[in-house]
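Everything on this sheet refers to the single structure shown next.
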Amino acid sequence: MPFPFTATALEPGRYEPEGIYLSRPFPDSLPADVPITQLFGENPDFYRQFTYDGTPLRGHNGIDFGINTGTDVLATDDGQVIWVGYEAGGFGNYVKLQHRWGESLYAHLGQATVQTGAQVARGQRVGISDNSGASFGPHLHFGIRVFPYVRADGWGGFADPLDYMDPADIRLPSYAEGTRGGGDQTQLPRMAIERPGMRRP
């Protein structure tokens, strides 16, 4: 059934008011229960030392998937590559896409497989996972910004991607069953402090 806020018919049994449906950022050949190793909003005491446009973060501003080095990282929706970059003390190698609804970010990659300006389709490879930047082990940091967003909102403008993903694609950490937040803060990597002239992705 079509709705005015989306150009395509809604999938049966699914309704998302903003019309944002994100697929998994890794291949379907991986198990359905790929673990999330850090949720959105976790570890506020650690992340408040880092800022976007001078505003301290209120917690982790994305979700981390525990995928192995060398895994294909896939676009979660159709879009355009607006930035391919490297942040030594933060996201490492990353790719940022723009979509009709906002932006998506794929970080700690070994390498990008797309170039700035390229059009990409949902499910197309945009990079290969690794452990670059401020990272304790191989994983994919995935973040989204939904238009309109404010970079200085305490999250860098990012929103929780889980709200726009199929629950069947999600395996929450055991400590977070039925909750959000919490987590172990003892093994988090250091990140670079924002300095004048430095702009985070």
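Miscellaneous remarks
- Residue match in the stretch 146-157 (condition: of a type in the set (Gly, Ala, Ser), assigned to a strand (DSSP E or B) and buried (at least 16 other Cβ atoms within 10 Å of the Cβ)): no
- Criterion violated by residue 137 - all others in (1) under 15 Å from residue 22 (Cβ atoms); (2) in a loop (DSSP other than H, G, I, E, B) satisfied: (1)
- Looking only at residues of the stretch 158-176 that are among the aromatic types (Phe, Trp, Tyr) and either in contact (Cβ under 8 Å) with a residue 24 or more places away in the chain or buried (at least 19 other Cβ atoms within 10 Å of the Cβ) (or both), we find that the one that is nearest to residue 112 (Cα to Cα) is 158.
- Residue match in the stretch 2-9 (condition: out of contact with any Phe, Trp or Tyr (no Cβ under 8 Å at 6 or more places or on another chain), modelled with pLDDT under 95, of a type in the set (Val, Ile, Thr) and not in a loop (DSSP other than H, G, I, E, B)): yes
- Restricting attention to the stretch 79-100, the residues that are assigned to a loop (DSSP other than H, G, I, E, B) and within 15 Å of the chain's Cα centre (by Cα) total 3.
- In the stretch 22-36, the residues that are surrounded by 18 or more Cβ atoms within 10 Å (Cβ to Cβ), at pLDDT 90 or above and part of a loop (DSSP other than H, G, I, E, B): 24, 25, 26
- Residue check for residue 13: more than 21 Å from residue 120 (Cβ to Cβ) and modelled with pLDDT under 90: yes
- Filter result for residue 110 (farther than 18 Å from residue 43 by Cβ and under 13 Å from the mean Cα position of the chain (by Cα)): no
One line per residue, one yes/no per condition, for (1) of a type in the set (A, V, I, L, M, F, W, C); (2) within 15 Å of residue 27 (Cβ to Cβ):
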residue: 99; (1), (2): no, no
residue: 107; (1), (2): yes, no
residue: 121; (1), (2): yes, yes
residue: 125; (1), (2): no, yes
residue: 129; (1), (2): no, yes
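- Residues of the stretch 39-78 that are in a strand (DSSP E or B), within 15 Å of the chain's Cα centre (by Cα) and either at pLDDT below 95 or surrounded by 22 or more Cβ atoms within 10 Å (Cβ to Cβ) (or both): 63, 64, 65, 73.
The values are calculated or read from the model by the stated rules, or taken from the named source; none is laboratory data. Keep in mind that what you see is a predicted model, and the values were worked out from it rather than measured. As a convention, Cβ positions derive from the backbone with ideal geometry for all residues, glycine included, and neighbour counts pool all protein chains shown.
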